[in-house]
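Peer 1: Quick one: the structure is below, questions incoming.
The values are calculated or read from the model by the stated rules, or taken from the named source; none is laboratory data. Please read these numbers as outputs of a predicted model, since none were measured by experiment. No Cβ is skipped: glycine too gets one built from the backbone with ideal geometry, and neighbour counts run over all protein chains shown. To get the accessible areas, we keep the full protein, side chains included, count just its heavy atoms, and leave off ligands, DNA and RNA. Shrake-Rupley method; radii C 1.70, N 1.55, O 1.52, S 1.80 Å.
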Amino acid sequence: EKGGYEHFMLKEIHEQPKVVRDTINSVVKDGKIDFSSIGLTDDEMKKISQIYIVACGSAYHVGMAVQYVIEDFTSIPVRVELASEFRYRKMTLVKDSLVIIISQSGETADSLAALREAKEKGIMTLGIVNVVGSSIAREADNVFYTLAGPEISVATTKAYSTQLIAGYLLALQFAVAREEMTEEKCCELLKELYTIPDKIEKILEDKERIQWYANKLAGAKDAFFIGRGIDYAIGLEGSLKMKEISYIHSEAYAAGELKHGPISLIEEGIPVIGVLTQQELYEKTVSNMVEVKSRGASLMGLTTYGNYSMEDLADFTVYIPQTDSHFAGSLSVIPLQLLGYYVSVAKGYDVDKPRNLAKSVTVE
Ligand code: M6R
């Protein structure tokens, strides 16, 4: 049932090109986005003046990444909230808001409670859900089903990737419906989106290199992930992967925050993984990497082909294929999933069933 792979997690990592393609295909007809299966209409999208994205864990990290994309493509302000905070906060929700709940299982207790809270306040809701017929899918006003298929490994990979794709498609459709992006531009971006599965495949072909580096990381006590913008959101996910299955204490920081405290933790040999796919932020994050290197950090740079100056700086560099910057997270997350996976394997842990964790968190 693991299809020849040693663990479900590795099998699911390898399924990503297919499930990403399936998820795009589910809402693209004749080269155009068609949301008729989801429910949300163009007229509704025109009227929305505020978006809240509410989720837990990795799904929250998807929200963090998608926030940058929606805000870049449209004029709608987006707030990303942890479900366990959102549900207890006394917050005046703007009328004409949309609350988007992202959940693989569709059963996460805090996410479900947040959904109910929003509905009670009369706010329109949209679920981005993987499990058909789950509670969140049943109760949300609109549902975008991710087509990741059943995910067995506790550490999410393929569901995460399809959630990101759903987020991009949503951002594109909002932009077109509100006439904030031309159909032509959208078409061009959709074409680029269709190249993502093959590019993921390319990254997977090089997994042995990541395994080599993971073996070196296995002895580490702590690790840091840094990045800016979308790269920061991806760093958060890479860091969660590392801690949940490898039991290495790991933190992700917005690179600009380092000097506000965490840099005091940097000492000889500590691994710092820099994510640098956003061209306009590249030099800024490079300067943060220089700062930690001068304090003894061991650097891994994760960047796009072409940014070869990383070679001189980082001890280990991973390149991802070029794509539109909004979609780069779908590529940069893959080496980080592999890194968490291979460190866990190197340490001999039960990768698919990490201690203390459940696949679906139905308790508060
Ligand atoms: O089923 P959900 O997407 O609502 O689950 C949310 C989190 O519990 C989940 O993403 C968790 O963080 C994973 N263990 C991450 O790998």
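Peer 1: Quick one: count up the residues across the stretch 27-59 that are crowded, with 21+ Cβ neighbours inside 10 Å, touching a strand residue (DSSP E or B) at 6+ places or on another chain (Cβ under 6 Å) and not hydrophobic (A, V, I, L, M, F, W, C).
Peer 2: Number satisfying all stated conditions: 1.
Peer 1: Going by what's in this entry, would Lys243 be described as within 16 Å of the ligand (Cβ to nearest atom) and of a type in the set (Lys, Arg)?
Peer 2: Spelling it out, Lys243 is indeed within 16 Å of the ligand (Cβ to nearest atom) and of a type in the set (Lys, Arg).
Peer 1: Look through Ala155, Ala148, Ala114 and report the one residue that is part of a helix (DSSP H, G or I) and in contact with a helix residue (DSSP H, G or I) (Cβ under 7 Å, 6 or more places away or on another chain).
Peer 2: Being part of a helix (DSSP H, G or I) and in contact with a helix residue (DSSP H, G or I) (Cβ under 7 Å, 6 or more places away or on another chain) holds for just one of Ala155, Ala148, Ala114, which is Ala114.
Peer 1: Search the stretch 164-185 for residues being open to solvent by 10 Å² or more (accessible area, probe 1.4 Å) and assigned to a helix (DSSP H, G or I), and hand back the single one that is nearest to the ligand (Cβ to nearest atom).
Peer 2: Step by step, filter the stretch 164-185, then rank; the result is Gln173.
Peer 1: Follow-up question, since we're still on this one. Would you check if His260 is within 22 Å of Lys347 (Cα to Cα) and surrounded by fewer than 16 Cβ atoms within 10 Å (Cβ to Cβ)?
Peer 2: Here the answer is no, as His260 does not meet what is asked.
Peer 1: If a residue must be closer than 28 Å to Thr182 by Cβ, of a type in the set (Asp, Glu) and without any contact (Cβ under 8 Å) to a residue 40 or more places away in the chain, how many such residues does the stretch 70-102 contain?
Peer 2: Total meeting the criteria: 1.
Peer 1: Hey, another quick one. Condition check: surrounded by 23 or more Cβ atoms within 10 Å (Cβ to Cβ), within 23 Å of the chain's Cα centre (by Cα) and in a loop (DSSP other than H, G, I, E, B). Does Val343 satisfy that?
Peer 2: no
Peer 1: Another question, then. Is there any pair linking a residue in the stretch 107-124 that is within 16 Å of the ligand (Cβ to nearest atom) and open to solvent by 20 Å² or more (accessible area, probe 1.4 Å) to one that is of a type in the set (Gly, Ala, Ser) and modelled with pLDDT under 95, with Cβ under 8 Å and at least six apart or on different chains, and which?
Peer 2: As it stands, the answer is Glu107/Ser360; Thr108/Ser360, since those pairs meet every condition given.
Peer 1: Any idea how many residues of the stretch 159-206 are among the basic types (Lys, Arg) and in contact with a Ser or Thr (Cβ under 9 Å, 6 or more places away or on another chain)?
Peer 2: Matching residues across the stretch 159-206 total 2.
Peer 1: A further question on this structure: Looking at the stretch 74-90, which of the residues that are modelled with pLDDT of 95 or more and more than 16 Å from the ligand (Cβ to nearest atom) is farthest from Ala175 (Cα to Cα)?
Peer 2: Across the stretch 74-90, the extreme among qualifying residues is Arg79.
Peer 1: Among the candidates Leu299, Leu357, Leu331, single out the residue that is in contact (Cβ under 8 Å) with a residue 12 or more places away in the chain and in a helix (DSSP H, G or I).
Peer 2: Result: Leu331 is the single residue among Leu299, Leu357, Leu331 that is in contact (Cβ under 8 Å) with a residue 12 or more places away in the chain and in a helix (DSSP H, G or I).
Peer 1: A follow-up question, please. What number goes with the only condition from (1) modelled with pLDDT of 95 or more; (2) in a helix (DSSP H, G or I) that Leu258 does not pass?
Peer 2: (1)
Peer 1: For the stretch 129-140, state whether one or more residues are within 13 Å of the ligand (Cβ to nearest atom) and of a type in the set (Asp, Glu).
Peer 2: no
Peer 1: Additional query: Go through the stretch 305-321 and give me each residue that's crowded, with 17+ Cβ neighbours inside 10 Å and either within 11 Å of the chain's Cα centre (by Cα) or free of Cβ contacts under 8 Å to residues at least 40 places away in the same chain (or both).
Peer 2: Hits for the stretch 305-321 are Asn307, Met310, Thr317, Tyr319.
Peer 1: Go through (1) modelled with pLDDT under 95; (2) within 12 Å of the ligand (Cβ to nearest atom) for Ser309 and report which single condition fails.
Peer 2: The failed condition is (2).
Peer 1: Given (1) out of contact with any Cys (no Cβ under 7 Å at 6 or more places or on another chain); (2) surrounded by fewer than 19 Cβ atoms within 10 Å (Cβ to Cβ), identify the lone condition not met by Gln16.
Peer 2: Here Gln16 meets the rest and fails (2).
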